[in-house]
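Trainee: Structure in structure tokens, see below.
The values are calculated or read from the model by the stated rules, or taken from the named source; none is laboratory data. Not measured: the values here are computed from a predicted model. Note that each Cβ is placed from the backbone with ideal geometry, even for glycine, and that neighbours are counted across all protein chains shown.
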Amino acid sequence: AQSVAQPEDQVNVAEGNPLTVKCTYSVSGNPYLFWYVQYPNRGLQFLLKYITGDNLVKGSYGFEAEFNKSQTSFHLKKPSALVSDSALYFCAVRDLNSGYALNFGKGTSLLVTP
Amino acid sequence: GAGVSQTPSNKVTEKGKYVELRCDPISGHTALYWYRQSLGQGPEFLIYFQGTGAADDSGLPNDRFFAVRPEGSVSTLKIQRTERGDSAVYLCASSLNGGLAGNNEQFFGPGTRLTVL
């Protein structure tokens, strides 16, 4: 079985400060890990993915994520937050041993204040 | 280029009625997925198509739910005898290819918000 945990329902950060949105996962095999962002009344947008290789993955809009196998984590980060980054963020995992679907976390709401 | 499109954007129906939700994937994408997102939750997998065939329908909650993709492009999710608990946003996604080794990201449509009264 595979699962994803996003322990924070909401993250608040001031504009210009660094942000971190946490994600931990559980899979039986090697994971493929993804981050998506959802703006109000819009579909999920792909941010970045980890498949293999360098543990630090860079994605869209200045976001990056670090794969940590020993801690089974894939936290999303950005060095300097923008008000426009305020949205709902979803971590997802795909376990090659478990099939084709993405297994999503429940989401973390990010609020960046001016 | 055009992304994944879904119609209708909103659907309100009465308990017991039949509904169809349509998904147009990105052109050339062979893999298509349906998910359901309830309020305050992440998307939950329903079914995956590779080409015309349903390669994995393990997420369909019961036999009231059915999906087709007859020509390997457009897909229709069909729900019979709708219940109030079916109310959710139904998301469609496509990727360039799927398969067990596929690592392509899935591109999502805007969803269809289904409300069952």
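Trainee: Taking the options A:Leu33, A:Leu48, name whichever one is more than 10 Å from every other protein chain (Cβ to nearest Cβ) and of a type in the set (A, V, I, L, M).
Mentor: One residue alone meets the criteria, A:Leu33.
Trainee: Then there's this: Hey, among B:Thr76, B:Thr13, which residue is in contact with an Asp or Glu (Cβ under 6 Å, 6 or more places away or on another chain) and surrounded by fewer than 18 Cβ atoms within 10 Å (Cβ to Cβ)? Outline the logic, then answer.
Mentor: Working: B:Thr13 fails: in contact with an Asp or Glu (Cβ under 6 Å, 6 or more places away or on another chain).
The unique qualifying residue is B:Thr76.
Trainee: Somewhere in the range B:55-64, is a residue within 14 Å of chain A (Cβ to nearest Cβ) and within 19 Å of A:Leu33 (Cβ to Cβ)?
Mentor: no
Trainee: Within the range A:48-60, can you find the residues that are surrounded by fewer than 16 Cβ atoms within 10 Å (Cβ to Cβ) and part of a loop (DSSP other than H, G, I, E, B)?
Mentor: A:Ile51, A:Thr52, A:Gly53, A:Asp54, A:Asn55
Trainee: For residues in the range A:1-27 being surrounded by fewer than 18 Cβ atoms within 10 Å (Cβ to Cβ), more than 26 Å from A:Leu82 (Cβ to Cβ) and in contact with a strand residue (DSSP E or B) (Cβ under 6 Å, 6 or more places away or on another chain), which is farthest from the other protein chains (Cβ to nearest Cβ)?
Mentor: Out of the qualifying residues, it is A:Ser26.
Trainee: Output the residues belonging to the range B:1-10 that are crowded, with 18+ Cβ neighbours inside 10 Å and either away from chain A (no Cβ under 13 Å) or assigned to a strand (DSSP E or B) (or both).
Mentor: First pass over the range B:1-10, keeping only residues crowded, with 18+ Cβ neighbours inside 10 Å: B:4, B:6.
Passing the criteria: only B:Gln6.
Trainee: Could you count how many residues in the range B:37-53 are surrounded by 22 or more Cβ atoms within 10 Å (Cβ to Cβ) and either among the small types (Gly, Ala, Ser) or more than 8 Å from every other protein chain (Cβ to nearest Cβ) (or both)?
Mentor: 4
Trainee: Taking the stated definitions as given, is B:Lys17 in a strand (DSSP E or B) and not aromatic (Phe, Trp, Tyr)? Spell out the reasoning first.
Mentor: Details: in a strand (DSSP E or B): no; not aromatic (Phe, Trp, Tyr): yes.
For B:Lys17, the condition - in a strand (DSSP E or B) and not aromatic (Phe, Trp, Tyr) - is not met.
Trainee: Could you please find all residues in the range B:16-36 being basic (Lys, Arg) and either farther than 15 Å from B:Thr76 by Cα or surrounded by fewer than 18 Cβ atoms within 10 Å (Cβ to Cβ) (or both)?
Mentor: Initially, the range B:16-36 is screened for residues basic (Lys, Arg), giving B:17, B:22, B:36.
B:Lys17, B:Arg22 - these are the residues of the range B:16-36 that are basic (Lys, Arg) and either farther than 15 Å from B:Thr76 by Cα or surrounded by fewer than 18 Cβ atoms within 10 Å (Cβ to Cβ) (or both).
Trainee: I need every pair where a residue in the range B:93-111 that is more than 7 Å from chain A (Cβ to nearest Cβ) and over 16 Å from A:Asp95 (Cβ atoms) has its Cβ under 7 Å from the Cβ of a residue that is surrounded by 15 or more Cβ atoms within 10 Å (Cβ to Cβ) and modelled with pLDDT under 70, sequence separation at least 6 or different chains.
Mentor: Listed by first residue and then by second, the contacts come to B:Ser95/B:Gly102.
Trainee: Sticking with this one: Restricting the search to the range B:36-48, which residues are part of a strand (DSSP E or B), free of Cβ contacts under 8 Å to residues at least 40 places away in the same chain and of a type outside the set (A, V, I, L, M)?
Mentor: B:Glu44, B:Phe45 - these are the residues of the range B:36-48 that are part of a strand (DSSP E or B), free of Cβ contacts under 8 Å to residues at least 40 places away in the same chain and of a type outside the set (A, V, I, L, M).
Trainee: Only residues that are in a strand (DSSP E or B) and under 20 Å from B:Leu114 (Cα atoms): list them for the range B:49-88, please. So that I can check it myself, show each step before the final result.
Mentor: First, the residues of the range B:49-88 that are in a strand (DSSP E or B): B:49-50, B:53-56, B:65-68, B:75-79, B:88.
Correct list: B:Phe65, B:Phe66, B:Ala67, B:Val68, B:Ser75, B:Thr76, B:Leu77, B:Lys78, B:Ile79, B:Ala88.
Trainee: Please give the strands (runs of 3 or more DSSP E) falling wholly within the range A:61-114 in which 1 or more residues are of a type in the set (Val, Ile, Thr) and surrounded by 19 or more Cβ atoms within 10 Å (Cβ to Cβ). Let's see the steps before the verdict.
Mentor: Values: elements: A:64-68, A:73-78, A:87-95, A:108-113.
The qualifying strands (runs of 3 or more DSSP E) are A:87-95, A:108-113.
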